[in-house]
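Report on the structure given below.
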């Protein structure tokens, strides 16, 4: 059994990092954590009236099992609370403990390779153009019956990018030693294959 092997995957919204992360975890038998769900869960609690830091401190695993976490309103709130240093600090231990578990772990988010797991054996930064990312998110949301326009989704994607990259605490950026995968014109199967090949060289 692999012990303490960590794959850190970062990237902006709708870049494909979540899909790639899940595929990698399934391929290698690693545990997977979508760290963005932690911030979405905190955001949902804030929308329900809770103070952000308290919401982060009181987060429990069951809070992540909620379909409402995938709504645009929660996504925007998640981006806002993620810029609060005390919220980020409250969630660090949870993420690092998950990353150190026996059997290997894949974590995807926005500061995994730079802050949460700087010693990860593999670091990937997954990106794509804003238009392509907005198109993917629009297809996802409209497929769920949500009343959205492409223009609104693109505006949300750009706003999230600005917040994520511009925040003072743990801004979104590639780790210096991260391998970059641009999925703008890449089939998801090819992106997964590229990631698997990178990880194979480290195991």
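The values are calculated or read from the model by the stated rules, or taken from the named source; none is laboratory data. Because the structure is a prediction, the values reported are computed rather than measured. Neighbour counts are summed over all protein chains in view; Cβ atoms, including those assigned to glycine, are modelled from backbone coordinates with ideal geometry.
Within 25 Å of residue 33 (Cβ to Cβ), loosely packed, with under 14 Cβ neighbours inside 10 Å and in contact (Cβ under 8 Å) with a residue 60 or more places away in the chain: which single residue out of 103, 109, 113 fits that description?
On the way: 109 fails: loosely packed, with under 14 Cβ neighbours inside 10 Å; 113 fails: loosely packed, with under 14 Cβ neighbours inside 10 Å.
After applying the criteria, what remains is 103.
Of all residues in segment 181-203, exactly one satisfies the criterion of being closer than 16 Å to residue 133 by Cβ, assigned to a helix (DSSP H, G or I) and touching a strand residue (DSSP E or B) at 6+ places or on another chain (Cβ under 8 Å), namely 191. Within segment 181-193, identify whether any single residue is loosely packed, with under 12 Cβ neighbours inside 10 Å, more than 27 Å from residue 67 (Cα to Cα) and modelled with pLDDT of 95 or more, and answer yes or no. Yes - at least one qualifying residue is present in segment 181-193.
Here residue 98 meets the list (1) out of contact with any strand residue (DSSP E or B) (no Cβ under 8 Å at 6 or more places or on another chain); (2) outside any loop (DSSP other than H, G, I, E, B); (3) touching a residue at least 40 places away in the same chain (Cβ under 8 Å) almost entirely, failing just condition (1).
The number of residues in segment 121-141 that are without any contact (Cβ under 8 Å) to a residue 60 or more places away in the chain and not in a helix (DSSP H, G or I) comes to 1.
Have a look at 88, 160 and point out the one that is over 24 Å from residue 181 (Cβ atoms), touching a residue at least 60 places away in the same chain (Cβ under 8 Å) and crowded, with 20+ Cβ neighbours inside 10 Å.
Values: 160 fails: over 24 Å from residue 181 (Cβ atoms).
Unique residue meeting the criteria: 88.
Looking at segment 112-120, is at least one residue in contact with a helix residue (DSSP H, G or I) (Cβ under 7 Å, 6 or more places away or on another chain) and part of a helix (DSSP H, G or I)? I'd like the intermediate steps shown before the answer.
Quick first cut of segment 112-120, residues in contact with a helix residue (DSSP H, G or I) (Cβ under 7 Å, 6 or more places away or on another chain) only: 112, 116-117, 120.
Right, trim to part of a helix (DSSP H, G or I) and you get 112, 116.
For segment 112-120, residues in contact with a helix residue (DSSP H, G or I) (Cβ under 7 Å, 6 or more places away or on another chain) and part of a helix (DSSP H, G or I): present.
Being crowded, with 20+ Cβ neighbours inside 10 Å, touching a helix residue (DSSP H, G or I) at 6+ places or on another chain (Cβ under 6 Å), modelled with pLDDT under 95 and closer than 22 Å to residue 72 by Cβ: is that true of residue 133 here? So residue 133 fails the test. On the basis of being over 19 Å from residue 74 (Cα atoms) and surrounded by fewer than 19 Cβ atoms within 10 Å (Cβ to Cβ), does residue 128 make the cut? The answer is no for residue 128. Set side by side, the residues 172, 141 differ, and just one is surrounded by 15 or more Cβ atoms within 10 Å (Cβ to Cβ) and more than 30 Å from residue 104 (Cβ to Cβ), which is 141. Scanning segment 161-180 for residues that are more than 15 Å from the chain's Cα centre (by Cα) and either part of a helix (DSSP H, G or I) or more than 18 Å from residue 117 (Cα to Cα) (or both) gives 162, 166, 167, 168.
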